[in-house]
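Here is the structure we will look at, set down as structure tokens.
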Amino acid sequence: MPFNFAQIFQDDLITSMVRKTAYGLATTCVLGAAAYAGYCVAAPEKHQLRHYRHPELNDQIEKVLDSLKITDDQLEQIMHLLEEEMNAGLSPLTHHQAIVKMFPTYVRNIPNGTEIGQVLALDLGGTNFRVLLIDLRGNSRIELTSKIFLIPQSVMIGDGKRLFRHLAECLHEFMQKERILNTGVCYPIGFTFSFPCQQEGLASARLTAWTKGFDCSGVVNEDVVKLLQDAIDEKRINAKCVALINDTVGTLMACAYKDPSTAIGLILGTGTNACYIENLDKVGTWKGDYNEPKQVIINMEWGAFGDNGRLNLIRTKYDEEVDLSSMNPGKQIFEKMISGMYMGEIVRLIILDLLQQELLFLGHRDTYGDYKTPLYNRGGFYTKFVSTVEIDEGIQFSNTRRVLEDIGIRNPTYDDCAIVRHICRQVSKRAAKLAAAGLAVLINRIGKSNITVGVDGSLYRYHPRFKHNMERCMETLINKSIQFKLTLSDDGSGKGAAMVACLADDSLCKKSVVHNETTRD
Ligand code: ADP
Ligand code: MG
């Protein structure tokens, strides 16, 4: 029962000494509470989070969230495993069974900023499809116009021919608007197709598997460039696909255009993947020539790391559930622990688990049965909500309250908000650590004294602490003699494709430039 000071003071039996003591005690309590509140605001990370107003929740919640924690030893173990998988992917003896495929991309020349040309780029590989017209002006200057097109869900999982016809229709509409249709000039296209492909040349690539929610029939094992070109020719569009890359390569190229230390491209968006510049003598699967430059960009397809169970040491029951309810169970295990397509869902499953254990939303029993609310439905907690929640720093929780309202929890308590923010922080920090461990393997392997990583993707771009969490973790894992830098790549998948296309077909680019100048006159 709480003290009632007023009642105590009215009691005739209380001596003045007791009264003084009570006053002293009350003052100490008030000052102590004020000091503690100030301390909490000043050090939110360490102290405020775990001290819910119902402190008995701490231990139980921590126990649930413990499964998300990865120790430094485990990270080193993961790095070691990844390097083994990489070597298996690069060796002709083991490539066939390898999980991390390490596809050579046939991209060997890195731009230096002097490239000139007018090129089209198509970007397909996740949330949207984009068509871009890019003008490389030399001196690291680029101008571009672009348009985003939606890919309807029915097309994402429909007939493959229909998908490529849809892409060609979007291209037609864009070129018409830009007045470059039927001009007598054949525009080179760089196609950013961000799905795992076995490349047989710069403009020839067979899809090995769909990922990220796509599942069109008749495309796996087919040459994607041919399927695209057939659809373009069918519509008599004056454009030719001269290069296929994925978004990691585009990101690396676009970053290298401005910063010559760039050696790695990383995507943290709908999915996750990385590429890096490898010496040809380490690429046993290389089938091209050994002329200068003796290097090639390797598209790792690292999202598949763990598909053979090697990440089971850190997988949680939430990861298993996300995987089982996905379109590709058992596949892309690393990706499912990191990327935007899955992060919000992991958070949602943890929230539901805590709710079932009566550790969260205690005042909301009345809404428990309302299974129509987003909280109870797959995908109901968007990954962008994780960013929104984590933007809250203090104790007001204005963003968190808004998000909780969106998923169907009205008037959440302070504890509810603090716990949800804590969950988001743990899930996103784990993802950042895993991505950091992957990059550390690459940076240590490349071993140059100065290495820049070009990064793209909305998760990295918009999450308030993903970059910071990655950097902190990388500092502990990377050889001290190496300086590294993470640079946000500005629209790498579009610009990078244009650069590869330009480097691939110089003559086509020059023609486009001539055409461009004549139309402007
Ligand atoms: P893509 O990878 O498809 O090319 P993006 O890089 O835009 O496209 O990534 C889209 C993914 O990023 C989505 O899965 C989405 O969940 C996630 N995302 C979008 N906005 C945010 C945000 N504000 N914070 C964190 N993740 C986000
Ligand atoms: Mg993208």
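The values are calculated or read from the model by the stated rules, or taken from the named source; none is laboratory data. Please read these numbers as outputs of a predicted model, since none were measured by experiment. We place every Cβ from the backbone using ideal geometry, glycine too, and count neighbours over all the protein chains shown.
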Qualifying position, being buried (at least 16 other Cβ atoms within 10 Å of the Cβ), away from ligand 2 (no atom under 16 Å from the Cβ), assigned to a loop (DSSP other than H, G, I, E, B) and not β-branched (Val, Ile, Thr), among Lys258, Lys240: Lys258
Please go through (1) surrounded by fewer than 21 Cβ atoms within 10 Å (Cβ to Cβ); (2) of a type in the set (Gly, Ala, Ser); (3) part of a helix (DSSP H, G or I); (4) modelled with pLDDT of 90 or more for Ser507 and return the number of the only condition it doesn't satisfy. (4)
Region 71-94: number of residues that are within 25 Å of Glu292 (Cα to Cα) and either in a loop (DSSP other than H, G, I, E, B) or in contact with a Pro (Cβ under 7 Å, 6 or more places away or on another chain) (or both): 2
The number of residues in region 170-194 that are aliphatic (A, V, I, L, M) and not in a helix (DSSP H, G or I) is 4
For the list (1) away from ligand 2 (no atom under 16 Å from the Cβ); (2) in contact with a strand residue (DSSP E or B) (Cβ under 8 Å, 6 or more places away or on another chain), I need the number of the one condition that Leu82 fails. (2)
So for region 366-380 (the condition being in contact (Cβ under 8 Å) with a residue 12 or more places away in the chain, crowded, with 20+ Cβ neighbours inside 10 Å, of a type in the set (Val, Ile, Thr) and outside any helix (DSSP H, G or I)), does at least one residue qualify? no
Can you find, within region 218-248, the residue that is farthest from ligand 1 (Cβ to nearest atom) among those that are polar (S, T, N, Q) and in contact with a Leu (Cβ under 9 Å, 6 or more places away or on another chain)? Asn238
Could you please find all residues in region 158-196 being within 16 Å of ligand 1 (Cβ to nearest atom) and not aromatic (Phe, Trp, Tyr)? Leu163, Leu167, Cys170, Gly190, Thr192, Ser194, Pro196
Looking only at residues in region 143-169 that are assigned to a strand (DSSP E or B) and in contact with a Lys or Arg (Cβ under 6 Å, 6 or more places away or on another chain), which one is surrounded by the fewest Cβ atoms within 10 Å (Cβ to Cβ)? Ile148
For Asp281, state whether it is away from ligand 1 (no atom under 16 Å from the Cβ), charged (D, E, K, R) and touching a residue at least 60 places away in the same chain (Cβ under 8 Å). no
Can you pull out the residues in region 108-126 that are within 12 Å of ligand 2 (Cβ to nearest atom) and either more than 26 Å from Gly269 (Cα to Cα) or surrounded by fewer than 19 Cβ atoms within 10 Å (Cβ to Cβ) (or both)? none
Identify, from the list Ile297, Ile232, the residue that is closer than 30 Å to Val185 by Cβ, assigned to a helix (DSSP H, G or I) and either aliphatic (A, V, I, L, M) or in contact (Cβ under 8 Å) with a residue 60 or more places away in the chain (or both). Ile232
Which ones in region 128-144 are in contact with a strand residue (DSSP E or B) (Cβ under 9 Å, 6 or more places away or on another chain) and either modelled with pLDDT under 80 or basic (Lys, Arg) (or both)? Arg130, Arg137, Arg141
Within 16 Å of ligand 1 (Cβ to nearest atom), in contact (Cβ under 8 Å) with a residue 12 or more places away in the chain and part of a helix (DSSP H, G or I) - does that describe any residue in region 473-481? no
So which residues in region 392-428 are among the charged types (D, E, K, R) and assigned to a helix (DSSP H, G or I)? Arg401, Arg402, Glu405, Asp406, Asp415, Asp416, Arg421, Arg425
